[in-house]
Amino acid sequence: MTTFLILGALMVLIIMGVPIAVSLGLTAVGFYALQGDFRILAMMPQRMFSATTGFTLLAIPFFILAGTLMNTGGITERIFRFANACVGHVRGGLGQVNVLASLFFSGMSGAAVADAAGLGKVELKAMADKGYDPDFSAAITAASSTIGPVFPPSIPFVLYSSITGVSVAKLFLAGVVPGVLMALALMAAVWLIALRHKMPRADHIDWAEIWDSFKGAALSLLTPIIIIAGIFGGIVTPTEAGVAASAYAMFLSMVVYREITPRQLPAIFWETLVSTVAVMFVIAAAGFFGWLLVHQRVPDALVSSLLGFSDSPAVIMAIVVLILLILGMFLEGIAVIVLTVPLFAPVMAQIGVDPVQFGVIIIMCSMLGLLTPPVGMVLFAVSAVADMSVGRLSRALLPYLLGLVIVLLMVIAIPAVSTWLPDMVLGQ
């Protein structure tokens, strides 16, 4: 009964349109206030503060800063040009370029909205100049941006690690194969749509342009190598890798490309600060709400309920994934993670699901939520950039959503898709 009251009160507040962080905090405060347990209420500031002070979480503002610097400092344009040289000759060329550029960019920022809002502007303009259908252009721009939080580095993986204690390095490696599969699924969808509608492509492969654009983008493309090699070489922690990525992006933007001046830095830092505070406020409120869940043994009750409903791991997994996808339609991705991981991680442990595999599953589910109304952040970001209604964009996204769902089902059905690489590199 207590579990129903807590989760029911939370959902009522969310449905009423109360911001997720406020909903989490109000639910916890309201519960203890009604219980008259003001001793625990006095611990609220401490719980909220401690939820945001994990060393791993320091990586989040630095990866956000790195993405902002890349969008401002000419790095995204150089990545797009190189991707265009590589696959622009394939049917529906700029659609394929869109996906490949997002895969390159995802190895640097780890944030879907940064991809959609920054690289998306470059992609949409280029596709409009070549006469591509606006619906096609906007849909593939939105869909490809979801690769970022799955392919390393990844802000959601950092957050998942801070909640569960699972190695960030393992999670980063676990996202490599699913991220590549997402890119391939989207490129296959683009090819089929382009073939059907006889979309344009370049006449031939321009090897000189490939070499020239590679030289222009080579230093930018070193960013993910620096991050990944640093982490797995034991040189830096994931947090320090975020600092290194930000410093390297600043060096490229200000010293090498000279597209950012010192006068622009305060605005860039302010944008990073605003984005970081929004994320940390949710994490802080979730810290106190999580304390309420543990104190009232809600995860234990949820485990018992699901195991009582069925003893089949497949059925339980299907229920959990369905809940995650439905929540993703109403909540922002970070909110889905901080709300559901404490609830469902014990369930997954009971049915023998590897926590690394579950991390990939929950991040992919939250990414699909970014593309679905009514609260898909990427959906709104791209619709604003493309000057297109959310409903129109949602309809155009359906073929790409199908491809992403197929990859999600592969990750669920075949654990090795997500666990093989981290097990091979780092061991069991």
Mean shadow area (nm²) of the C-alpha convex hull around the range 308-412 is 6.8 nm²
All alpha-carbon distances of the range 136-245, grouped into 5 Å bins from 0, give the whole-percent distribution 2, 10, 14, 16, 17, 16, 10, 7, 4, 2, 0
Rg [Å, one decimal], Dmax [Å, integer] - the range 218-347, C-alpha atoms
20.9, 62
Of all trypsin sites (Lys or Arg not before Pro) in the range 245-316, which ones are in loop regions per DSSP and have a Cβ with at most 16 other Cβ atoms within 10 Å?
ARG258, ARG297
Give the separation of the Cα centroids, the range 216-233 to the range 1-28, in Å.
42 Å
In whole angstrom, the spacing between the Cα centers of the range 138-195 and the range 264-325 equals 19 Å
For the range 211-219, Karplus couplings with θ = phi - 60° (6.51, -1.76, 1.60), whole Hz, Gly/Pro x
5, 5, 5, 5, 4, x, 9, 4, 5
Could you sort the peptides 268-275, 19-26 by per-residue average Cβ neighbour count (10 Å cutoff), highest mean leading?
19-26, 268-275
Do you know the relative contact order of the range 19-102, to the nearest whole percent, from alpha carbon pairs under 8 angstrom that are 6+ apart?
14 percent
What share of Cα pairs, in percent, lie more than 39 angstrom apart in the chain?
18 percent
Helical contribution to [θ] at 222 nm, DSSP H n ≥ 4, -39,500 (n - 2.57), averaged over the chain, rounded to 500:
-24500 deg cm²/dmol
Here, chymotrypsin sites (Phe, Trp or Tyr not before Pro) of the range 128-183 satisfying both criteria (DSSP loop; at most 14 other Cβ within 10 Å) are none
When only C-alpha pairs under 8 Å and at least 6 residues apart count, what is the relative contact order of the range 120-204, in percent?
25 percent
For the chain, what is the relative contact order in percent, using Cα pairs closer than 8 Å and at least 6 residues apart in sequence?
25 percent
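All of the numbers you see were taken from the coordinates with simple rules; none came from a lab. Predicted model, so just to flag it, every value in this text is computed and none were measured. No Cβ is skipped: glycine too gets one built from the backbone with ideal geometry, and neighbour counts run over all protein chains shown.
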